[in-house]
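S.K.: What follows is a single structure, and I will ask about it in a moment.
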Amino acid sequence: MRKDQNLGEYLRMQGVSRRGFLKFCSATASLMALPPSAVSQVAEALATARRPSVIWMSFQECTGCTESLTRSHAPTVESLIFDAISLDYHHTLQAAAGHGAEAAREAAMEENKGEYILVVDGSIPNGNNGYSTIAGISNHDMLIEAAENCFAIVAVGTCAAFGGLPNANPNPTGAVSVSEIIKDKPIINVSGCPPIPVVITGVLAHFLTFGTIPELDALGRPAAFFGQNIHDRCYRRPFYERGQFADTFDDEGARKGWCLYKLGCKGPTTYNACATLKWNQGTSFPIQSGHGCIGCSEPNFWDKGGFYDPISAGQWGSRDALLGAAAAGAALGVGSALAARARKKKAQAAEEI
Amino acid sequence: MSSLDTIPVTTEVATGNVEPLLHEIRHALKRLAEGKEGTVIDLKRLPLAPGEEERIAATLGTGEVRADVDALGPTLIQETSYPGVWLITHKNADEVVVARFIEVTYIPELLRSQQADIDAGINRLENELKN
């Protein structure tokens, strides 16, 4: 797609009919969690959308976020959205290397001053800038330089959004999130370890369609995808209501698909779209596969206690807090917490022997 | 273990969302019959347990009209056994479902020939006849 083309022209040149375009818009509206009635607005906006420049920077990360996006099935909708942006710098995906690559980044920033979208995955080492550098430039300095003239920043993955795994205790690199360094630009946090690929493309589609920042929640995440917690959208929720829980991964409750709360599921405190959008071409999500949610889209998820301890055991640190929870009616959670603590004590005692 | 099917996990779980959805369709159909606007329901937006989407489709059944649309991958438009209720399944070129809707309408928009395509068709036909 040429830079001066709009998406409508590009699709027509690719032989896509108006009917095909309407299908594309229906799927895109669904992707952006817009009501189906918004399809005509999406069609009108997308037909005239210009190709935005995107500069993607990878800092302290594992490349899982890029893998999530590029290894996702290659659906027409997502690949078209990806074709519809001008990815001017991404050091994992670009062919250019060395000085040529950096020159391309600088040229794209200059050419699209004030208009480009800066995508960041990975946290930024703030303790010692030498922990992570690109072309001899520290992540910190490169972020400051690239953010200066961008339109907005999309922090992809929990590392960029909240510090993530590098930020976990004892945080040897002094890792911080994008929002801890950049204070004067709109930042959209697309958290998850990794994020759901269609959520990443959904945010790009929103830019493409409306040219604006989507509505965000209190943690700066797009409300359309992070507005509800996993628990509320979980198909196993009725078992929770009835108090039917799996106690181990191979007991009768597990085989019957009962609620995984007592096995450490963090669904009640985790906001993400896994339960509806799902993974692997919409096949499943962790809870459907029989494993509790680990809460990977939430800040500090790595330091919130064991993945297999109930929320109450891992997140309520003191006896007072436990009593507070009981007073608030979380009797079930407290019971689980005490049971988990008892299990921990027993395990510790066994270790000491 | 040779197949995922042999793992003894029950998947017949009910969210309790199927029946309300069927009632929503009933209400939408009544609105349509009263001359009011149609309704589109995005099935991706609802929490549904494995097998529940199939249950909805089975309850609605299949009606007289079925159309296969080949535009940016296959789309199946199936009128259900309840006239005015259509199940629309969009797939990409790899046959992966990218969106699924229930449309309560007289005729789904996607079935209509589109003005832009008609205009392009006129040009093509005129060029064809010139040669």
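S.K.: For a quick check: sort A:32, A:109 by the number of other beta carbons within 10 angstrom, fewest at the front.
M.R.: Ranking A:32, A:109 by Cβ neighbours within 10 Å, fewest first, gives A:109, A:32.
S.K.: If you build a Gaussian network model of chain B, linking Cα atoms that sit under 10 Å apart, which residue out of B:119, B:68, B:42 swings the most?
M.R.: Looking only at B:119, B:68, B:42, the biggest GNM fluctuation is shown by B:119.
S.K.: Given B:21, B:73, A:201, which one lies farthest toward the positive end of the charge dipole of the protein assembly as shown, if we put +1 on the Cβ of every Lys and Arg and -1 on the Cβ of every Asp and Glu?
M.R.: So the residue furthest toward the plus end is B:21.
S.K.: Now, a different point. Please report, in cubic angstrom per residue, the volume enclosed by the convex hull of the alpha-carbon atoms of region B:5-131.
M.R.: Details: hull volume 19.2 nm³, N = 127.
Hull volume over Cα atoms, normalised by residue count, gives 151 Å³.
S.K.: For the protein assembly as shown, list the cysteines whose Cβ sits under 4.7 Å from no other cysteine Cβ?
M.R.: A:25, A:62, A:65, A:150, A:159, A:234, A:259, A:265, A:274, A:293
S.K.: Using only DSSP helix segments of four residues or longer, with each worth -39500 (n - 2.57), what per-residue ellipticity at 222 nm results for chain B after dividing by its residue count and rounding to 500? Walk me through the numbers on the way to the answer.
M.R.: On the way: 3 runs with 41 residues, N = 131.
One gets -10000 deg cm²/dmol as the mean residue ellipticity at 222 nm.
S.K.: Starting from the Kirkwood Rh over alpha-carbon pairs, what translational D in µm² s⁻¹ does region A:267-318 have by Stokes-Einstein at 25 °C and 0.890 mPa s?
M.R.: After rounding, the answer is 206 µm²/s.
S.K.: At q = 0.08 Å⁻¹, what log₁₀ I(q)/I(0) does the protein assembly as shown have when each alpha carbon counts as one equal point scatterer in the Debye sum?
M.R.: After summing over all Cα pairs, the log10 values are -0.57.
S.K.: Separate question: Can you list which of the DSSP-assigned H helices in chain B have a Cα extent of 18 Å or more along the long axis and an average Kyte-Doolittle score of at least -0.5?
M.R.: Helices passing the filter in chain B: B:18-33.
S.K.: For peptide A:247-260, how many partner chain Cβ atoms fall within 10 Å of a residue's Cβ, on average?
M.R.: Counting Cβ atoms of other protein chains within 10 Å of each residue's Cβ and averaging gives 2.
S.K.: Here's another thing I want to ask about it. Given the pairs A:113/B:91; A:262/B:44; A:113/A:266; A:185/A:304; A:23/B:36; A:183/A:278, which span a C-alpha to C-alpha distance of over 31 angstrom in this model?
M.R.: A:113/B:91; A:113/A:266; A:183/A:278
S.K.: Of B:27, A:91, A:206, B:90, how do they rank once you tally other Cβ atoms within 10 Å and put the fewest first?
M.R.: Ranking B:27, A:91, A:206, B:90 by Cβ neighbours within 10 Å, fewest first, gives B:27, A:91, A:206, B:90.
S.K.: Rounded, prolate or oblate for region A:135-238? Axes are the square roots of the Cα gyration tensor eigenvalues, ordered a ≥ b ≥ c, and the cut-off for rounded is a/c under 1.5. List each step's numbers first, then the result.
M.R.: Details: a/c = 2.41, a/b = 1.31, b/c = 1.84.
Judged from the Cα gyration tensor, region A:135-238 comes out oblate (a/c at least 1.5, b/c at or above a/b).
S.K.: If eta is 0.890 mPa s and T is 25 °C, what Stokes-Einstein diffusion coefficient results for region A:50-226, Kirkwood Rh from Cα pairs, in µm²/s? Let's see the in-between values first.
M.R.: Working: Rh = 16.1 Å.
Once the numbers are plugged in, D ends up at 153 µm²/s.
S.K.: Equivalent ellipsoid semi-axes for region A:149-305, as square roots of 5 times the alpha carbon gyration tensor eigenvalues: give them largest first, rounded to whole Å. All intermediate terms of the calculation are to be shown ahead of the outcome.
M.R.: On the way: eigenvalues 188, 71, 26 Å².
Here the semi-axes work out to 31, 19, 11 Å.
S.K.: Right, another one. May I ask you to sort A:59, A:207, A:249 by Cβ crowding, counting other Cβ atoms within 10 Å and putting the fewest first?
M.R.: Details: A:59 24, A:207 21, A:249 14.
With the sparsest Cβ surroundings first, the list reads A:249, A:207, A:59.
Read-outs: derived from the displayed coordinates by stated rules, not from any lab. All values derive from a computational prediction rather than experimental measurement. Note: ideal-geometry Cβ built from the backbone for every residue, glycine included; neighbour counts use all protein chains shown.
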